[in-house]
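First the structure, in the form of structure tokens, and then the observations on it.
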Amino acid sequence: MTQDLAPSVRPAAASPSETGGWWRSAVIYQVYVRSFADSDGDGIGDLRGIRDRLPYLAELGVDAVWLTPFYASPQADGGYDVADYRAVDPLFGELSDADDLVREAHRLGLRVIVDIVPNHTSDQHAWFRAALADREGGPARERYHFRPGRGAAGELPPNDWESVFGGPAWTRTARADGTPGEWYLHLFAPEQPDLNWENQEVREEFESVLRFWLDLGVDGFRIDVAHGMVKAAGLPDIGLSEQAKLIGAQVLPFFDQDGVHEIHRAWRRLLDSYPGERVGVAEAWAPTPERLALYVRPDELHQAFNFQFLTCDWEAAAMRTVIDESLAATRSVGAPTTWVLSNHDVVRHTTRYGGGERGLARARAAALLMLALPGSAYVYQGEELGLPEVVDLPDEVRQDPAFFRGDGQDGTRDGCRVPIPWSGETAPYGFGPGGSWLPQPEQWAELSVAAQSGDPRSTLELYRSALALRHELPGLGDGEMTWLEAPEGVLAFSRPGLVCTLNTRGEEVGMPVPGRPVLATAALEFTGGTVRIPVDSCVWWAV
Ligand code: GLC
């Protein structure tokens, strides 16, 4: 017998006033603001566009939305170069649009998390302009890391640190008379000077910025480069090159320094002083799950992204190890684990898992796996449509600063940032009344929201069904899981009331029927008490 599974009924979204650790089980949808929905026809997504599409997200069944930076910015790094933390960039709207968006989201039962970028400002921020205008050693320079160069004439950078985007992490300034002066530190692009968190004014300013957005009603912050604010005393050399490859493998003098935790503790106190369970989420790269867990100790942040899961190969044993390590580490500090497969910085997982039909099959299966695991999950816009990475963007449309610097983080982050298709046969597929800032592939008509809606075999309906079941079945989200015996290459585990099976073996696998199938990424075949589990598939079984 071949069984097709119909999507199940969707319950109403939970109200934001419901408390009790909402974030421990939440599914949080990442909106990359430039690429979600454009209301004014300039080809760039904006806050009104997002507000208009909030019903789509409520119906999808997510609990919260994380918005990437929409603050005033010269956009040297897609808005992660902030010139004014309290202003909305005109590209994206006005402050009143942010306010409307938050109110409308709450009305629909969705929480809103905004991005905060504390490691660096834009080089156009008033503080950095003042720093450049100040004398060497002057107080305005104390808010950043200015240093004299090495070498006879200061012509060499102050140390050997490399930018994550490639090249040295230092840029030399010019004095008023045009002669070369001090150098300043930027772990990312030169347009993103690093702040000096030893400076009290920096700490106070960020607390004030957090209050500004909390007062406006946001439910929390995704903290950009949460592992980077504190640098080792004396800014010591590393003595190794290709440092971007060491991030996540070892503690570096500029990343994952113990001093960052005091900042997160202070922020937690601030978050807790507001009603309604406001949360902090760390974008932190740490060398081990144990060091990552330090960011989510009870008096620090609520969640940290689990990049170990994102970077894991499509292989049952490796996945099981990552899952066990992640759960053990976060449990040791009483925090929920988070799961994430894609974001605006990495190749979309449909493509990472091999692309084409195989990549899509695995991506769908990985989504069901992720949504069955204990804890909270992040969905990156477009993954619910099964969008692949756009790998053939012409160089002249690319905007990722890493693309132009080379030899650092791979410079291909534009391919996952292409505006998403909503409807219609031709680009921009309902993205907005104008074009789209990055060209969309011709094949995306069939991947649009409209094209997939109502088709029970579509990836969109798979996500809708899975998210609805997460609300219906009390055993999903935060809680316990137990591994079950399974054939090699297959993962099987139980949650209260549910069994999840994932086949990574590269061939169909037969096993005893574990329960009543409620959701599957591929058609199942039953013979007596045995089920043939298709290659690269995941199934949820009610038990
Ligand atoms: C984070 C962001 C990334 C940005 C970088 C510098 O990693 O996710 O997009 O380029 O920080 O702010």
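So Val209 fits all but one of (1) among the aliphatic types (A, V, I, L, M); (2) in a loop (DSSP other than H, G, I, E, B); (3) farther than 26 Å from Pro157 by Cβ; what number is the exception?
(2)
Find the residue count for the stretch 177-193, including only residues that are within 16 Å of the ligand (Cβ to nearest atom) and surrounded by fewer than 23 Cβ atoms within 10 Å (Cβ to Cβ).
2
Take the residues in the stretch 449-483 that are open to solvent by 50 Å² or more (accessible area, probe 1.4 Å), touching a helix residue (DSSP H, G or I) at 6+ places or on another chain (Cβ under 9 Å) and of a type in the set (Asp, Glu); name whichever of them is nearest to Ala58 (Cα to Cα).
Among them, the one singled out is Asp455.
Under 7 Å by Cβ, and 6 or more places apart or on different chains, what pairs join a residue from the stretch 162-173 that is more than 16 Å from the ligand (Cβ to nearest atom) with one that is part of a strand (DSSP E or B) and acidic (Asp, Glu)?
Every condition considered, the pairs that remain are Pro168/Glu162; Thr173/Glu182.
Quick one: in the stretch 62-74, which of the residues that are touching a residue at least 40 places away in the same chain (Cβ under 8 Å) and over 18 Å from the mean Cα position of the chain (by Cα) is surrounded by the fewest Cβ atoms within 10 Å (Cβ to Cβ)?
Pro74
With the stretch 349-438 as the region, which helices (runs of 4 or more DSSP H) entirely inside it contain at least 3 residues that are of a type outside the set (Phe, Trp, Tyr) and at pLDDT below 95? Even if it seems obvious, please write down each step before you answer.
Numbers: elements: 349-352, 356-372, 401-405.
Filter on the stretch 349-438 gives 401-405.
Would you mind finding the one in His227, His264 that is of a type outside the set (A, V, I, L, M, F, W, C), within 30 Å of His106 (Cα to Cα) and either within 18 Å of the chain's Cα centre (by Cα) or in a helix (DSSP H, G or I) (or both)?
Details: His227 fails: within 30 Å of His106 (Cα to Cα).
Answer to the check: His264.
Restricting the first residue to the stretch 123-135 and requiring it to be under 12 Å from Glu182 (Cα atoms), which pairs with a second residue that is of a type in the set (Lys, Arg) meet a Cβ separation below 9 Å and a spacing of at least six or different chains?
That search, which allows pairs on different chains as well, returns Ala131/Arg141; Ala131/Arg143; Leu132/Arg141; Asp134/Arg141; Arg135/Arg141.
Could you please give the count of residues in the stretch 267-288 that are open to solvent by 20 Å² or more (accessible area, probe 1.4 Å) and not in a loop (DSSP other than H, G, I, E, B)?
Step one: of the stretch 267-288, the residues open to solvent by 20 Å² or more (accessible area, probe 1.4 Å) are 268-269, 272-278, 285, 287-288.
Cutting the leftovers down to not in a loop (DSSP other than H, G, I, E, B) gives us 268-269, 272.
Residues that pass the stated criteria total 3.
For the stretch 81-93, give me each residue that is surrounded by fewer than 24 Cβ atoms within 10 Å (Cβ to Cβ), farther than 13 Å from Gln124 by Cβ and touching a residue at least 24 places away in the same chain (Cβ under 8 Å).
In the first step, residues of the stretch 81-93 are kept if they are surrounded by fewer than 24 Cβ atoms within 10 Å (Cβ to Cβ); the result is 83-91, 93.
Now drop any that are not farther than 13 Å from Gln124 by Cβ, which leaves 86, 88, 90-91, 93.
Result: Arg86, Val88, Leu91, Gly93.
The values are calculated or read from the model by the stated rules, or taken from the named source; none is laboratory data. Quantities reported herein were computed from a predicted structural model and do not represent experimental measurements. Cβ coordinates were reconstructed from backbone atoms using ideal geometry, including for glycine residues, and neighbour counts include every protein chain displayed. With ligands, DNA and RNA removed, areas are computed over all heavy atoms of the protein, side chains included. Shrake-Rupley method; radii C 1.70, N 1.55, O 1.52, S 1.80 Å.
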